[in-house]
Amino acid sequence: MCQKTEWSGIIKNMFKIDKLIYKIFISFAIINFSFISQSLAKDDVISKLENAYKKIIDVSGNFVQISYIKDLDKTQKFSGKFYIKGDKIRWQYAGENPQVIYINKENLIVYDIKAKQAIKSKFNIEKYGQLPLALLSRMAVIERDFEVNKISDNNLILKPKEKMGNIEKIEISINDEEFPIKTMKVKDFYGNIIQIDFNSFKINTNLKDSLFKFIPRNDDTVLTY
């Protein structure tokens, strides 16, 4: 009788252990499936972005930029037009203090229309924090330059693999239009934030190369650094 009771207890314990193992297995399976699903979903968003970029030869459109300066607790709003063709960018601010920024590979020109002054310098990776617009030319293969995390169906967080000025992270919102980036929000290590919203895109309209070349007028001052 005692022996039967002992065997009964052992069998019950074995059954409990089997149930515990089963629960652990199911939990791991759910976690693993969730991780795989998230990875696949992230890959889908990245593919959408990269495939859209592959079809773009040139693009132009409008933008609205909101800049928050933490130390001053100040928010500024700007708007204007942008033009991109390969590694050439023209970024044109409208308003009371109009400026045009030209980026052509390693060359940067900032032209203050009102002051009739242009500043020429070399563009390098350290200047991305000051000119996040230049990041638009690096979105065709984002996993080469950034660690990518998905936070929602159409939103990615990018963290630079190498130092890009003071940039801590970039959040981009993807849409289904020909130009895939709806919004880009850049946060630096000091808590400053630049958000740029894009609209009214035009794709592959054969933008002229002359649009990306700065030609000073007779009364312009050009400074080189």
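The values are calculated or read from the model by the stated rules, or taken from the named source; none is laboratory data. Just so it is clear, the model here is predicted, and its values are computed rather than measured. Quick reminder, even Gly has a Cβ in these numbers, built from the backbone with ideal geometry, and neighbours come from all protein chains shown.
Quick rundown of the values:
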item: Matching residues in the stretch 100-119 - criterion: being farther than 14 Å from F212 by Cα and either of a type in the set (D, E, K, R) or buried (at least 18 other Cβ atoms within 10 Å of the Cβ) (or both); result: D112, K114, K116, A118
item: Selected residue (criterion: farthest from N192 (Cα to Cα)) from residues of the stretch 132-162 that are outside any strand (DSSP E or B) and β-branched (V, I, T); result: V141
item: Pair list, Cβ < 7 Å and 6+ apart or interchain, from the stretch 65-87 residues that are of a type in the set (D, E) to residues that are surrounded by 15 or more Cβ atoms within 10 Å (Cβ to Cβ); result: D87/S137
item: Residues that are of a type outside the set (A, V, I, L, M, F, W, C), in contact (Cβ under 8 Å) with a residue 24 or more places away in the chain and either within 15 Å of N175 (Cβ to Cβ) or part of a helix (DSSP H, G or I) (or both), drawn from the stretch 42-59; result: K42, K48, E50, Y53, K54, K55
item: Residue in the stretch 109-128 that is farthest from the chain's Cα centre (by Cα), counting only those that are closer than 13 Å to I89 by Cβ and either among the charged types (D, E, K, R) or assigned to a loop (DSSP other than H, G, I, E, B) (or both); result: F123
item: Hey, E171 assigned to a strand (DSSP E or B), among the acidic types (D, E) and within 17 Å of the chain's Cα centre (by Cα) or not; result: yes
item: Unique match (being at pLDDT 90 or above and of a type in the set (S, T, Y)) among S137, S200, S152; result: S200
item: Checklist (1) surrounded by 15 or more Cβ atoms within 10 Å (Cβ to Cβ); (2) under 22 Å from G191 (Cα atoms); (3) of a type in the set (S, T, N, Q) applied to N175, failing item; result: (2)
item: Meets criteria (in contact with a Ser or Thr (Cβ under 7 Å, 6 or more places away or on another chain) and under 17 Å from K105 (Cβ atoms)) for L133; result: no
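Let's see how each residue does on (1) more than 24 Å from A52 (Cα to Cα); (2) among the polar types (S, T, N, Q); (3) in contact with a helix residue (DSSP H, G or I) (Cβ under 9 Å, 6 or more places away or on another chain):
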site: I170; (1), (2), (3): no, no, yes
site: P180; (1), (2), (3): no, no, yes
site: V186; (1), (2), (3): no, no, yes
site: I196; (1), (2), (3): no, no, yes
site: D209; (1), (2), (3): no, no, no
site: K213; (1), (2), (3): yes, no, no
site: N218; (1), (2), (3): yes, yes, no
site: V222; (1), (2), (3): yes, no, no
